[in-house]
Each structure stands twice: as structure tokens, then as C-alpha cells.
Amino acid sequence: MSEAPASAAQPTKKSMDAIMALCKRRGFIYQASEIYGGINGFWDYGPLGAQLKKNLRDAWWQDMILNPCWGRKGPNGSRVRCVPLETCIIQHPKVWEASGHVGGFNDPMVDCKESKGRYRYDHVQVFVPETGDAGDKPVFAYVGDQPSEAKQRKKAEKLFGVIKSVALSSIPQPWARVIGPDAEKPGTLTEPRMFNLMFDTIPGAIRDEANKAYLRPETAQGVFVNFKNVVDTTRVKLPFGIGNTGRSFRNEVTPRNFTFRSREFEQAELEFFCHPDESVEWYKFWRDFRMDWWKAIGLAGENLILREHDKDELSHYSQGTSDVEYRFPFTAPGFGELEGIAHRGNYDLTQHENTSRTKLKYFDAERGELLPNGSRKGEWYIPHCIEPAAGLDRGALALICEGYTRDESRPSPEFLKLHPRVAPIKAAVFPLVAKDGMPEVGEKLYDELFAKFGNRGFIEFDEKQSIGKRYARMDEAGCPFCFTIDGDTLTNQTVTVRDRDSGQQERIGIDKVSGFLGEKLG
Ligand code: ATP
């Protein structure tokens, strides 16, 4: 077998179309209900995507719940302690009143009577002449990063020559001369209206508004409403965290950018409870750990940043919020949020205590005045909460975008550099040809790898087609290592191991394969 040339990858701008095509071709992500024309804002994961997302969720669970922060000590000098929870998508409607979602989870929207489009009011811009006003000519509205922008720009330039862009809100209403982003005629935009992002549903047989409930827009509230249960039924002591992963739903007005902004998505959220005096230190601790975590599973580099919110961006109860942001091909040169780490103060528990009239204060026996017998008097308080809230779909998409690589010097130029920990296929075993006893040796190796690593992802066995085609398929699927049984294997008990990223091959003893893979998978 000849050695593949060393990789000479040139950084080229990644095309979202190419990434989406690969996701479809290799079974990572499909449009939901595709055979019926799809449904806007919903995506299904194919076999490889489902396993990639599971690996990401498992990595989160392992590093946040089972062995939080890789055993790092927290600011209190002790190991970080966390427990899991699995809570319902539908909770009592009062949960969302207390959390502020029913009253406040609103964005002002404008509708277009002609195109039936609905746009976030603060996202709509208008092209007007650079100097002077438009007189009685129409002006052109668009939404940034939507196809409407280029279309409207062209029309505006034709009419006015040099144009500038201003916010729709700066144009006095009624907007009789404004042509909506996807409209042909002027005057079709409605005035801004509030639009609640929560999906509602009516549980039970009586279809009565009074029975209305909501699909959760975040997993976090399931934790807050169970805080007392966890404290009362387990031996946790502050500081500790409660993690919750699962589906959330937001009726996003303009779902876009592949899975980045969907209407159904999966979150992995941790609510970490601590004493108010220690909360700022814990906030910094979690912010830094979460950034390190994303780097450790393959997002290191200049595409990943931690953005600390300015003081004026913070909620009134927060003493700090930062976002881990990734430079997706569709946000470049800007970044898009992967995870928010928020200092939430005691806002949520206080809201639920007041609304439910259930005492959610915590009795801390290790605090308070020192008594003559050497023990402490104890202290009642509502804990502060630090919330690292990650999105698993955005996480999976960032891993795919980061991993997607084109190298024209390779026989098959597209490949996916996924970190071995999250890669859906961990290894492939290939008999070079389906004869001369190679398949039998290969099957034995496959059985060994399957027994050891089959609980972490797929192990492939393939004896059909040319070896080049088999490598290419594994490259596109992000499989980090292929082990090939060839003529030499039969005489000297060695196989080739091919590295996905360099295309290089080396020979190792067949009895060393499982040790090699174990080390690489970590
Ligand atoms: P954005 O400002 O982008 O709407 P957000 O700040 O409202 O996001 P959070 O409420 O902090 O998001 O939710 C935590 C995480 O959940 C986000 O960092 C993101 O990864 C994920 N998420 C939120 N909304 C969506 C969505 N519509 N589609 C996919 N993932 C989402």
C-alpha cells in the first residue's frame, strides 16, 4: 500500500452550503419532515449526528456531573459537587409566570401583510438616500444576514444612487412608503407587536384557555422548582450544582442558520448554588472552566472567544455574564453564542419562593456565629446561582464547522476533523481485499475493538470497494483511525493505522491496536 501524501491543507473560507451538503450526505443532519417539504425551524439528526450529539451530551454529563471540572478544586478549596436531574418539558404554568417568561419573553415584531413574513422589530433596517430625504419615493426595508438585504440594496441603489442604512424604528409611522423585506408593494408592514416565544398546549381533555400550559423554553426552571426536593432528599450541601439536559422549545420568529436558531433544540444547563459571598468567585471559576471545556473537545483556536457582557447588558440581578462564542461560517467575521454563563443572584429561587409560597431558603449549618461549644449557629439564606447554559445543537454544529476541512491535495478533499472523544465512529477495520484470510483476521480485530469501545461510538467493519473509497467515506464521517489488514498482517501480525487528519499510515502490531485506540480516545 502506498503512503498518502502529508496534508497540505490551505485554510480556505468554509462554505456553509458544503457543510450542510456533507451533513446530509453522511447522515448527520436532515431537515425534519423532509418528505413533506420540511418544517421551518426543526431538524432531525441522522445516525452519525445522533451519535455525535450523544457523545457531546455524555462528555458534558461526565465533566459536569460525574467528575465535575475534571477534579479541579473550586474557589472554596474543595472538589466541585454536582448531581443530575431530569425534569418535564411541561411544568405548571405558574413556573413560567414566576420565572418571568410569560410576562417578559417577548420581542416586538412586525408582520408583512403581503409576504406574510414576521420580523424582529429591532432587526429591521431601512435603506434610504445617503443625503436628503426620499421625498415621496419608497424606502426599502431588510433584515441583516437575510437574502432580503442584497435584493433591497440593489433596488435602493438603483433609485437613490448612494444609500445608507437606518433602523426602521427611526422612520415615523405609519410606514406607508416602506417596502417590507420580502414585499413588492409599499405600506405592508404592521406596527410592532409583542410576540411570546413560548409554545403553548392544552393538557387534558378540556380545550379551555384556562388549562393552557407551555413547552419549556429552557431546562433551568425545572431545577429551581426542584431545589427543595434535592436538598431534602439527598445529602448535598452547599456549594453544589444541579444539572439538567433536554429539549427546549422557542417559537423563534426567524429560525435560521441551519440548526443554530431552531424552534426545538437541546440544552445542557447547570445551576450551581452557593453562598452569596462566594458567588462572584464561583462565577469566574465556571466561566473559565466552560471555556477550557469547549477547547478540550476540539474548539480551540481563534474561532472561540469568551465575551464578558458590559455592565449595561446585565440583568438587574446579575453580577456578571459571559458568553462562549464561536465564529461560525455564517457569523464570520463575527461570533455566535454557544453557551451563556450567568451569575443569576438569588433571582429565580426568590421568584419561586414568592410565587409558590414555599420556603426555598437553605439552612447552612456551617455558617453563622461561633457557639461556645465550638459549633456554628447556622444561617438561613437564599443561595446565589451561577448558570452555565450550553446548547447541544449549537455545540454539535460548531464541532462540525470547526472540523470541516478541504484539502485539494488529497484524493478525496473533504474531511471532518472531529475530536476522537466526540467522533461518532471511533475506528474502522478494513481487510485490504475480501480474500486470503484477511476478512477473518479483520473480524477478530473488529470483535475485540467492539467489545472494548462499542459503548462509546460505532466501530465499522467494511470489506467492499477500493480502500481509497473506504478511507474517503471514513474521512467525511470524521472517523479518526482506520486499521487495515493487508498481506503483511498475515505474515508479521502488524496492521496499518491511518490517521484521518494527516492521511499518514504507520504499522503497529495487531495486539497493540486496542491499547493505541484506548489512549487516543482518552
Ligand atoms: P440567543 O441570544 O442566540 O437567542 P439566548 O441568549 O436566548 O440565545 P440562552 O437562553 O442563554 O440563549 O440559552 C442557552 C443556550 O441555548 C444558548 O447559548 C444556545 O446554545 C442554546 N439556544 C438558545 N436558543 C436556541 C435556538 N433557538 N436554537 C438552538 N439553540 C438555542
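Please go through region 296-319 and give me each residue that is within 16 Å of the ligand (Cβ to nearest atom) and in contact with an Asp or Glu (Cβ under 7 Å, 6 or more places away or on another chain), ordered by number. Listed by number, the residues that qualify are 299, 303, 305, 307.
Where in region 481-522 are there strands (runs of 3 or more DSSP E), lying wholly inside it, with at least 2 residues that are within 18 Å of residue 450 (Cβ to Cβ)?
Passing ranges, in order: 481-485, 494-499.
Within region 309-335, the residues that satisfy the criterion of being among the charged types (D, E, K, R) and either surrounded by fewer than 14 Cβ atoms within 10 Å (Cβ to Cβ) or not assigned by TED's automatic domain parsing to the domain that holds residue 387 (or both) are 310, 311, 312, 313. Of the residues 301, 246, which is surrounded by fewer than 17 Cβ atoms within 10 Å (Cβ to Cβ) and on the phi > 0 side of the Ramachandran plot? Selected residue: 301, the only one of 301, 246 that is surrounded by fewer than 17 Cβ atoms within 10 Å (Cβ to Cβ) and on the phi > 0 side of the Ramachandran plot. Among the residues of region 396-404, is there at least one that is under 30 Å from residue 300 (Cα atoms), at pLDDT 95 or above and not in a helix (DSSP H, G or I)? Within region 396-404 (the criterion being under 30 Å from residue 300 (Cα atoms), at pLDDT 95 or above and not in a helix (DSSP H, G or I)), the answer is yes, since at least one residue qualifies. Is it the case, given these coordinates, that residue 387 is of a type in the set (Asp, Glu), in a helix (DSSP H, G or I) and closer than 30 Å to residue 334 by Cα? Judged against the criteria, residue 387 is not a match. Candidates in region 234-267 are the residues that are more than 10 Å from the ligand (Cβ to nearest atom) and among the charged types (D, E, K, R); of these, the one that is nearest to residue 336 (Cα to Cα) is 247. Selection within region 439-478: residues that are among the small types (Gly, Ala, Ser) and part of a helix (DSSP H, G or I). The member of this set that is nearest to residue 57 (Cα to Cα) is 477. Taking the conditions (1) within 24 Å of residue 58 (Cβ to Cβ); (2) more than 14 Å from the ligand (Cβ to nearest atom) in turn, residue 280 satisfies each one other than (1). Does region 380-394 contain at least one residue that is of a type in the set (A, V, I, L, M) and either more than 30 Å from residue 359 (Cβ to Cβ) or surrounded by fewer than 18 Cβ atoms within 10 Å (Cβ to Cβ) (or both)? Yes: one or more hits. Candidates in region 474-489 are the residues that are charged (D, E, K, R) and closer than 14 Å to residue 405 by Cα; of these, the one that is surrounded by the fewest Cβ atoms within 10 Å (Cβ to Cβ) is 476. All conditions but one from (1) in a helix (DSSP H, G or I); (2) away from the ligand (no atom under 15 Å from the Cβ); (3) in contact with a helix residue (DSSP H, G or I) (Cβ under 7 Å, 6 or more places away or on another chain); (4) not aliphatic (A, V, I, L, M) apply to residue 293; the one that does not is (2). Can we say residue 273 is more than 16 Å from the ligand (Cβ to nearest atom), at pLDDT 95 or above and not in a helix (DSSP H, G or I)? Spelling it out, residue 273 is indeed more than 16 Å from the ligand (Cβ to nearest atom), at pLDDT 95 or above and not in a helix (DSSP H, G or I). Can you name every residue in region 345-364 that is without any contact (Cβ under 8 Å) to a residue 60 or more places away in the chain and within 16 Å of the ligand (Cβ to nearest atom)? The one that is without any contact (Cβ under 8 Å) to a residue 60 or more places away in the chain and within 16 Å of the ligand (Cβ to nearest atom): 347. Any idea which residue in region 24-65 is nearest to residue 460 (Cα to Cα), counting only those that are of a type in the set (Ser, Thr, Tyr) and surrounded by 15 or more Cβ atoms within 10 Å (Cβ to Cβ)? Step by step, filter region 24-65, then rank; the result is 45. Got at least one residue in region 66-84 being under 23 Å from residue 175 (Cα atoms), surrounded by fewer than 19 Cβ atoms within 10 Å (Cβ to Cβ) and without any contact (Cβ under 8 Å) to a residue 40 or more places away in the chain? No: zero hits.
The values are calculated or read from the model by the stated rules, or taken from the named source; none is laboratory data. On a predicted model such as this, the values are computed, not experimentally measured, just so you know. Every residue, glycine among them, receives a Cβ derived from its backbone with ideal geometry; neighbour counts consider all protein chains shown.
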